[in-house]
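Throughout, read-outs are computed from the coordinates displayed, never taken from laboratory work. Bear in mind that the values here come from a model prediction, so they are computed numbers and not experimental data. FYI the Cβ positions are ideal-geometry reconstructions off the backbone, even for glycines, and counts take in every protein chain you see.
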Amino acid sequence: MKRLAIAIGVFGAALAAGAQAPLSEMVSVPAGPFRMGTTEGPEDERPAHEVTLTAYTIDRFPVTNAQFSEYLNTLGASLPPGLYDSDDRDARIHRRGERWTADAGYANHPVVEVPWSGAVQYCAWRGKRLPTEAEWEKAARGTDARRYPWGMDLPDRRRAQYESGYNATAAVDGFPAGASPYGAREMAGNAWQWVSSAYRPYPYRADDGREDPKPGPVRATRGGGHDSPASEITTTQRGRNLSRNPASGHHNIGFRCAR
């Protein structure tokens, strides 16, 4: 029994760190306060302020091309507008015969070219939703106000995909050293991530209209992309320099879901 308990403990610790975790797995973020924003960064990241959240879960990894293909295959050959820009040259999912499939070598890369409304619809299909901007940030930085998901150390190639070429995404499970305090992965670099919140000034308040789900407002994007400099893959970056029309897909914006 003692050996079994030790084995279970080791296995649980490995999953908490994201080691060989299923790509569909979610991680838990406990209820409580955290510091959102920064006192020293760009204007749209200020002021630093305390936000208290209820407990929630969030996808350990961003949604992949293979996972999004599953959804497209429930809809058939003709996709509704605003779901996926399949005709864009940067898309990595295409119709082959009777099926939507990820391009060779891109199955486990983060899905891109999904407009904000398409991300909303996918998460609903999974029985989930997009995370709020506050939920995304707490999942990325925890409660110690760290600058990056892994802490305060500067980025390196073991932790994130950044400062890379155009469309140079990477498999989402390739950077275990970049995990957040709760075990969420890919919270820095590879692909920006849509959140539910409209891009409005801080302080964050969930009841001030920014969480209105009606399409229209520009939405915040978090985490930075594969073509971002190191300065844009922090836990507080909101995508202020990013092209992010919510009605269109983009080559460097993906998403993950929460519940």
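Once semi-axes √(5λ) of the Cα gyration tensor in Å is worked out from the coordinates, which option in (i) 26, 24, 18; (ii) 33, 20, 16; (iii) 44, 25, 16 does it equal?
Here semi-axes √(5λ) of the Cα gyration tensor in Å agrees with entry (i).
Enumerate by residue number the GluC sites (Glu not before Pro) in the stretch 20-85 meeting two conditions: DSSP loop (anything except H, G, I, E, B), and at most 10 other Cβ atoms within 10 Å of the site's Cβ.
Values: sites: Glu25, Glu40, Glu43, Glu45, Glu50, Glu70; in loops: Glu25, Glu40.
Answer by residue number: Glu40.
Which order do peptides 165-174, 114-123, 140-149 fall in by mean Cβ count within 10 Å, highest first? Don't skip to the answer; put the middle values down first.
Numbers: 165-174: 16.7, 114-123: 23.7, 140-149: 19.7.
Result, highest mean first: 114-123, 140-149, 165-174.
How large is the dipole of the chain about the Cα centre if only Lys and Arg carry +1 and Asp and Glu carry -1, each at its Cβ, rounded to the nearest 20 debye? Before the final figure, lay out the partial values.
Numbers: 32 positive and 30 negative charges, 132 e Å.
Rounded to the nearest 20 debye, it is 640 debye.
Starting from the 7 Å offset along Cα-to-Cβ, what nm value, one decimal, do you get for the label separation of Arg95 and Ser231?
With each label point 7 Å from Cα toward Cβ, the separation is 4.4 nm.
State, to one decimal in nm, how far the label point of His49 lies from the label point of Asp153, with both points 7 Å from Cα in the Cβ direction.
So the label points at His49 and Asp153 sit 3.4 nm apart.
To the nearest 0.05, how large is the calculated FRET efficiency for Ala145 and Asp207 if R₀ is 35 Å and r is the Cβ-Cβ distance? Let's see the in-between values first.
Numbers: r = 24 Å, r/R0 = 0.68.
Calculated transfer efficiency: 0.90.
Using the membrane-span-like helix rule (whole DSSP H runs, Cα extent along the own axis of at least 18 Å, mean Kyte-Doolittle hydropathy at least -0.5), which helices of the chain qualify?
Details: long enough: 2-16 (21 Å, 1.56).
For the chain, where a helix must reach 18 Å along its axis and average at least -0.5, the hits are 2-16.
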